[in-house]
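Trainee: Sharing a structure below in structure tokens format, with a few things to ask.
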Amino acid sequence: MLRSGIFSQAVKEELEAIDDSWKQPRFDSLTHVVEVLTSHNPEDATQTLREQRDAIEALVDDVVRGYHKGFNKAIHNYSQILRLFSESATGLSGLKLQLADCKKLLGARHKQLQQQWYRSVILRNVISLLDQIDNVSKATKIEQYISEKRYYSAVQLHIQSISMLEREGIQGVGALQDVRAEFSNMKGVLFFKVVEDLHSHLYCKGEYSTSVIRDKNADDDLLNIDTMVLPAGSSHPFSRRTRTFKKSENGGDGSANGHVEDRRNSSDKSSISADSKDEELSQDESVGKESMKPKRATLVWLGDATPNEFVEAITKSDATLNVKYLQTMVECLNLLGKTAAAGALISQRLRQTVHDLIIEEIKAHAVAVDASRPRVEVSKISVSHKNGVLTLGLKKVQDSKHAKKVRASSEALTSIGPTGPGQTAARNLVEPVLAMLARVLANHVIVGKAMESHTGDDDTHSVSGYNIGFAVTVIQSECQQFICDILRANADATQTDSSGQAARQSKVTAADKSNAGPDEGLSFTFRFTDAMSLPAVPRPVRRRGSANAQEGFGVSTVLSDRGMYLIASLYRPVLEFTDGFTSLLPEKYASLGKEGLHNFLETFIKDQFLPRIYVDYRTRAADALASSAAFRLKTRSSVTKMSSIALLGPSVADQLASEVVAWAHAMPKYAPEFLELVQTILERTLERCRAAYTEAVLGSLSSSIIGRTDVEQLMQQDPASVLLEADCPDHYPNGEDVELEMEMNNLLLSLRPIKHDQLIHGDQKFVLLAALSESLSSLATSIQNLGSQQKKNDMASKRPSNILPSGLHSLIAKYQDLSSECLRTLRIEMQLQAIHYLQSMTGRVYVSDHDAEEPEDFIVSFTSQITRWDEEMTFYISSAKRNYAFGGICGVAATAFVKALNDMSLVNVFGVRQICRNCIAFQQALAALSSTDADMVQQRLDRVRTYYELLTMPFEALIAFVNEHDSEFSFTEVSNLLKVNVPGREIPPDAVQRIGKVLAP
């Protein structure tokens, strides 16, 4: 092959080397002769032509040698083909002659052969008919199929037998009349068996009922259902995949619902071999893990069934065993012609069956809850008999009456809250009930679709009133009755069925009837305020089957407290339930998902729950804030361990606001309404806090000057104002503005003399202002956290982020402003208190004949007072804010000490030592405060002592000190030193001028 390719390439190259004039179809040699003769060297041209000729001839020889063998073989094969065709033609001619002879032989006996063939056909039909009659006369085969629950095979055999008995020629056989009557009776038995089995599977009690698939990775709780829709007008449907509806329940294997499922799946198993059951259950459990893999397992209930399109479609379907079995039962009813009758029976039993299922689920949950309770040993129970009353009690230390009241109130508040144990108990009860109803609804959707596929889409009432819409309406109605029982709603006001079905009226308990109001519509027997005021009376555990069991659903056996507040635990499960089954419904029934139960829930919340929430929380907030103890300080332990809100009233308001926010989290659709209530509570709290602040500072000098424009500007420019911010450090930097501080101190000192009546009296008011400031700041932080938490919840629920209402934003600023105003007032008041006590030095003569050992009384009074303030405020205000409140005392006191010298006319050495002893006591008291910068205090008051000690120096020593420390004191301050009369000190006439020269710039 390689040589052939190389050879072809050489031929191609040689031919391309030949001039095109040699390749013309009509070769003209004259042109080439003339060209050779006219060339410069004719012999060379002739030789070149010869070489080309020899090369071409060599190539032709190579071609002939290379392909000669193939040409010979092809010619030989062609000759053999011609020979074989000639022999075949000869053979066909002989075959034609033989066929003609056969035709003549068969034509001679045609009639005899036709008669024999007809005879054999008749005999075969007679034999087959006799065999069928023999099989028809034996009805035990159908009974065997029924006992084995192979209903489809039984229906097929029954229909075949009936059709055989109706054939022409057999109708007149008298021996078969009893067989016909037996088959007629058997049809009814078979119908009721199929309907009963279909009914048990509709309500998840059959052998092939879908088990609960727990998918921990799923976001929504749905039930896995793969349906096969049967086409209308066809008795043998085809299969196709439809939508899926997955349901996963929260909780572990030990939940009450899990116990119910295990009990149901284990109580109804019969008539199937152990191997077959294990195979089917293993297939059913693997639906969640291998839902994408096609299932080709043998279906036991289709054993011995005659293969047809339906059997093939069911076998090839990817649906679960439960779905396949339900569709098989509907097909059996269709083959029997009893679809309408079956629909009528299902419709009649639907409401009562659903009601009983709910009661059964509640009882199972009650048993599980009762089993999970810790048991009390008999030895720990004491029995006493007093005044004819038998009392059982635990042997423990009896609590005081006050402790019992506090515990009862706390238990009531905890139980009725949106996150209390009552909500958890209700949710744990409702979720398994709704999960069970979701599975029942899914089964009804499967059966309803299958029935409608046989009756046609336009004739949905051909099954005697049963359809998907009817099933959804009835189940929603019973679910609504169940929810009303939990909410303690009047049963007469719960009929919201748009179809107008005659619903069974459940009876309310005697207690509910006595508490029901005369108002129309929904009425409820629970109030938040009632739960708070009533003592927490221990309720006895209601045992299953007790003589005093209530009628209806028996919710009280599980929930000790019922009422409208439990809507918080019902809202999400009910919405997920309605959204879940709505996704299953065909398009023409989709509107039912937003009617009935969903509409009832929304109406209940808008018309009943929200107004009651508004009234109760506003009332509770108003009562807490209007109480005489509203602005009483909480105990120190409760402040340090629970929250930074030190006042009882604002603390209760904050708790109420947090509860309302928890309601909003439970029902995010109504978050704006709840936030509006939060705003109302916080606005009322702000008003009461401002009134408490006004009452505390009423008539004080600090309250009058705090509103002055110049004071406000100075305080805003003060570097210490950074301590008013939420994220400030405990101490502000030491880079104070000295001029600004001196201006503020001089302004306050200009108010002297400050009378005692102009000050705030009582340590309690000082602590109240501090606690009020901290509480307001904490409330502002709570509002900010509310906005951030609301945003996180919106992101987690994949809803658009709701912006915090503008009213709450403005409240944050108002709370912070009032908190800062309390601190500013406290700072100014402490400075005024310091000025009031230090003004006792003004106009005095400090002349003594002995050394001072103790500070003066006014110093002792003031230092003990600020020490008490600091000790009390430590538990109710942060360190940074205490630093701000006490931070102005040192500066104004140092200034007051220095300026007091202006009004002193006579001071001796012992008087100077008394003043220095006062200053030292003042310094020690300020340095001992928990939030004061001791170094700054020492620096300020050391300057004061140095200033007064200059009075004891001779003038020349004073000049030397001023010359060395020219920036320590101002000219005015040094001049004032010269004006004071100090015994034994001589001052020259030109002393002021000499001081001026030293301090001159």
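Trainee: Scan segment 63-70 and tell me whether some residue there is modelled with pLDDT of 75 or more, small (G, A, S), assigned to a helix (DSSP H, G or I) and surrounded by fewer than 12 Cβ atoms within 10 Å (Cβ to Cβ). Steps first, answer last, please.
Mentor: If we filter segment 63-70 for residues that are modelled with pLDDT of 75 or more, which is where we start, we get 63-70.
Pick out the ones that are also small (G, A, S) and you get 66, 70.
Checking the rest, the ones that are also assigned to a helix (DSSP H, G or I) come to 66, 70.
Cutting the leftovers down to surrounded by fewer than 12 Cβ atoms within 10 Å (Cβ to Cβ) gives us 70.
Looking for residues that are modelled with pLDDT of 75 or more, small (G, A, S), assigned to a helix (DSSP H, G or I) and surrounded by fewer than 12 Cβ atoms within 10 Å (Cβ to Cβ), one finds at least one in segment 63-70, hence yes.
Trainee: Shifting gears a bit: For the condition in a loop (DSSP other than H, G, I, E, B), at pLDDT below 85 and on the phi < 0 side of the Ramachandran plot, what is the one hit in N785, N802?
Mentor: N802
Trainee: Quick one: K979 ticks every box in (1) under 19 Å from A896 (Cβ atoms); (2) open to solvent by less than 70 Å² (accessible area, probe 1.4 Å) bar one, so which box is it?
Mentor: K979 satisfies every listed condition except (2).
Trainee: What residue, of A175, A181, is open to solvent by 30 Å² or more (accessible area, probe 1.4 Å), farther than 28 Å from V447 by Cα and modelled with pLDDT of 75 or more?
Mentor: Just a single option satisfies the conditions, and that option is A181.
Trainee: So which residues in segment 871-894 are surrounded by fewer than 21 Cβ atoms within 10 Å (Cβ to Cβ) and among the charged types (D, E, K, R)?
Mentor: Listed by number, the residues that qualify are E871, E872.
Trainee: Let me ask you something else. Report the residue count in segment 184-219 for those that are within 28 Å of R351 (Cα to Cα), modelled with pLDDT under 50 and either under 25 Å from the mean Cα position of the chain (by Cα) or among the hydrophobic types (A, V, I, L, M, F, W, C) (or both).
Mentor: Residues flagged as within 28 Å of R351 (Cα to Cα), modelled with pLDDT under 50 and either under 25 Å from the mean Cα position of the chain (by Cα) or among the hydrophobic types (A, V, I, L, M, F, W, C) (or both) within segment 184-219 amount to 2.
Trainee: When you check E361 against the structure, is it open to solvent by less than 20 Å² (accessible area, probe 1.4 Å), acidic (D, E) and modelled with pLDDT of 55 or more, yes or no?
Mentor: On the way: open to solvent by less than 20 Å² (accessible area, probe 1.4 Å): yes; acidic (D, E): yes; modelled with pLDDT of 55 or more: yes.
Answer is yes for this residue.
Trainee: Turning to a different aspect of this structure: Only one of (1) under 60 Å from the mean Cα position of the chain (by Cα); (2) buried (at least 20 other Cβ atoms within 10 Å of the Cβ); (3) touching a residue at least 60 places away in the same chain (Cβ under 8 Å); (4) in a helix (DSSP H, G or I) fails for G911. Which number is that?
Mentor: (1)
Trainee: Then there's this: Could you check E986 against (1) open to solvent by less than 90 Å² (accessible area, probe 1.4 Å); (2) outside any helix (DSSP H, G or I); (3) not small (G, A, S) and say which number it fails?
Mentor: It fails just one condition, (1).
Trainee: Test each condition in (1) more than 23 Å from N981 (Cβ to Cβ); (2) part of a loop (DSSP other than H, G, I, E, B); (3) open to solvent by less than 60 Å² (accessible area, probe 1.4 Å) for S848 and report the one that comes out false.
Mentor: Exception for S848: condition (1).
Trainee: Okay, next question. Report whether or not S39 is surrounded by 10 or more Cβ atoms within 10 Å (Cβ to Cβ) and either touching a strand residue (DSSP E or B) at 6+ places or on another chain (Cβ under 8 Å) or at pLDDT below 75 (or both).
Mentor: Answer is no for this residue.
Trainee: Continuing with this model, one more query. Output the qualifying pairs, or none if there are none: Cβ atoms under 7 angstrom, residues six or more apart or on different chains, first residue in segment 591-605 and within 11 Å of T473 (Cβ to Cβ), second residue open to solvent by 60 Å² or more (accessible area, probe 1.4 Å).
Mentor: Close Cβ pairs (under 7 Å, with a partner that is open to solvent by 60 Å² or more (accessible area, probe 1.4 Å)) amount to E595/S498.
Trainee: Would you mind finding the one in S560, S533 that is modelled with pLDDT under 85 and either open to solvent by less than 70 Å² (accessible area, probe 1.4 Å) or closer than 20 Å to A364 by Cβ (or both)? Walk me through how you get there before you give the answer.
Mentor: Details: S533 fails: either open to solvent by less than 70 Å² (accessible area, probe 1.4 Å) or closer than 20 Å to A364 by Cβ (or both).
From the options S560, S533, the qualifying one is S560.
Trainee: Could I ask something else about it? Tell me the residue from D935, D966 that is loosely packed, with under 15 Cβ neighbours inside 10 Å and not in a helix (DSSP H, G or I), please.
Mentor: So the residue among D935, D966 that is loosely packed, with under 15 Cβ neighbours inside 10 Å and not in a helix (DSSP H, G or I) is D966.
Trainee: What's the number of the only condition in (1) modelled with pLDDT of 90 or more; (2) crowded, with 21+ Cβ neighbours inside 10 Å; (3) not charged (D, E, K, R) that T946 fails to meet?
Mentor: Failing condition for T946: (2).
The values are calculated or read from the model by the stated rules, or taken from the named source; none is laboratory data. Since this is a predicted model, take the numbers as computed values, not measurements. Because the Cβ atoms are built from the backbone with ideal geometry, glycine has one as well, and the counts that use them run over all protein chains shown. The accessibility values were calculated without ligands, DNA or RNA, using every heavy atom of the protein model including side chains. Shrake-Rupley method; radii C 1.70, N 1.55, O 1.52, S 1.80 Å.
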